[in-house]
Amino acid sequence: MAEIERIVILTGAGISAESGIDTFRSAGGLWEQHRVEDVATPEGFARDPDLVLGFYDMRREALAKVQPNAAHHALARLEQEFAGELLLVTQNVDDLHERGGSRDVLHMHGELKSALCLSCEMRSPWDATMSDRPPCPVCQAPSLRPDVVWFGEMPYQMERIYAAIRQADLFVSIGTSGAVYPAAGFVRDALDCGAQTLELNLERSEGSHWFRHSRQGKAGDLVPDWVDEVLSAGG
Ligand code: BV8
């Protein structure tokens, strides 16, 4: 690990699982309770906005009842103590990385605690409900939608992510099934740019074969140990 100077980390729902937040594709997970097409696509929102706003209101409210876990805290420690460059990209729309102490988190799929106005297209911090059609804090129009990236929509800050991957010495994927693109393709971009690749996940994922190193276990166990390895190697 000694020669590692630039790290890009991608996290998915698995890093929040031990905090009590449902993952998407596990038994009883979020997508078993709702069809993706109904609650995580622009078409689903146009078809039944109440269903979609209620789905995200429920998830936003659930956030207040959970806490970051040891994996979130370990990544915050890495950000504080790692001497090189670190970019933390998350597919998650929860705020557990921030509440765990991470200061610079790139939410490529947006955030539950952000509102996007369909009238003025401004984004505002948001931790209330939307089913009751509250006024946009900027233009007052009752036209807020969850500021999350649905299927068929372009994820946020892709250029920044690809620029960091191109420079990375190490790409680490934590708690993601490798089922959703473009995030699932980042490991191949990292390989093409000569980076080392490491997967930390409960089980082998759809992308495991692309990783040079793959460790199975709970994020709450694997991530603090890995952070200790990086920091003790003088990273
Ligand atoms: C786009 C936000 C283009 C909302 C989400 C065919 C081939 C390739 C691509 C496509 C295709 N057909 C369609 C596409 C594109 C599509 C896609 O990839 N579809 C998939 C299903 C095939 N992608 C898109 O539409 C993306 N946009 O392509 O735009 C474009 C181009 C130009 C102009 C405009 C547009 C947008 C995708 C974003 C969708 N939004 N979320 C919300 O959260 O409600 S996706 C959703 O899935 C979440 O973000 C989630 O993070 C993400 C991925 O899931 P995971 O995080 O991996 O969660 P999952 O449950 O799957 O896995 C959890 C893992 O953790 C498991 O492996 C488990 O073993 C592990 N785990 C569990 N417990 C633990 C653990 N690990 C460690 N410790 C534990 N304790």
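The values are calculated or read from the model by the stated rules, or taken from the named source; none is laboratory data. Nothing here was measured: the structure is a model prediction, and the numbers come from that model. Note that we place each Cβ from the backbone using ideal geometry, even for glycine, and neighbour counts take in every protein chain shown. Note: areas computed on protein heavy atoms with side chains; ligands, DNA, RNA excluded. Shrake-Rupley method; radii C 1.70, N 1.55, O 1.52, S 1.80 Å.
Show the residue pairs that are 6+ apart or on different chains and have beta-carbon atoms under 7 Å apart, the first residue being within region 124-148 and more than 18 Å from THR41 (Cβ to Cβ), the second being open to solvent by 40 Å² or more (accessible area, probe 1.4 Å) and among the β-branched types (Val, Ile, Thr).
Pairs found: SER124/VAL138.
Do we find a residue being away from the ligand (no atom under 13 Å from the Cβ) and in contact with a Ser or Thr (Cβ under 6 Å, 6 or more places away or on another chain) anywhere in region 77-84?
Within region 77-84, one or more residues are away from the ligand (no atom under 13 Å from the Cβ) and in contact with a Ser or Thr (Cβ under 6 Å, 6 or more places away or on another chain).
Hey, any hits in region 153-172 for a residue that's in a loop (DSSP other than H, G, I, E, B) and more than 14 Å from the ligand (Cβ to nearest atom)?
Yes, because at least one residue in region 153-172 is in a loop (DSSP other than H, G, I, E, B) and more than 14 Å from the ligand (Cβ to nearest atom).
Could you list all residues from region 142-159 that are among the hydrophobic types (A, V, I, L, M, F, W, C) and open to solvent by less than 20 Å² (accessible area, probe 1.4 Å)?
Result: LEU144, VAL148, TRP150.
Identify all residues within region 60-72 that are open to solvent by 10 Å² or more (accessible area, probe 1.4 Å) and in contact with a helix residue (DSSP H, G or I) (Cβ under 8 Å, 6 or more places away or on another chain); write none if there are none.
Correct list: VAL66, GLN67, PRO68, ASN69, ALA70.
Do you know which of the residues in region 3-30 that are closer than 19 Å to LEU191 by Cα and open to solvent by 40 Å² or more (accessible area, probe 1.4 Å) is modelled with the lowest pLDDT?
Top of the filtered list is GLU3.
Collect the residues in region 222-234 that are within 19 Å of the chain's Cα centre (by Cα) and open to solvent by 20 Å² or more (accessible area, probe 1.4 Å), keeping them in residue-number order.
LEU222, PRO224
From the residues in region 189-218 that are within 14 Å of the ligand (Cβ to nearest atom), assigned to a loop (DSSP other than H, G, I, E, B) and surrounded by 13 or more Cβ atoms within 10 Å (Cβ to Cβ), which one is modelled with the lowest pLDDT?
In this case the residue turns out to be GLU206.
Going by the structure shown, is ARG133 open to solvent by 50 Å² or more (accessible area, probe 1.4 Å), under 30 Å from ALA195 (Cα atoms) and among the basic types (Lys, Arg)?
no
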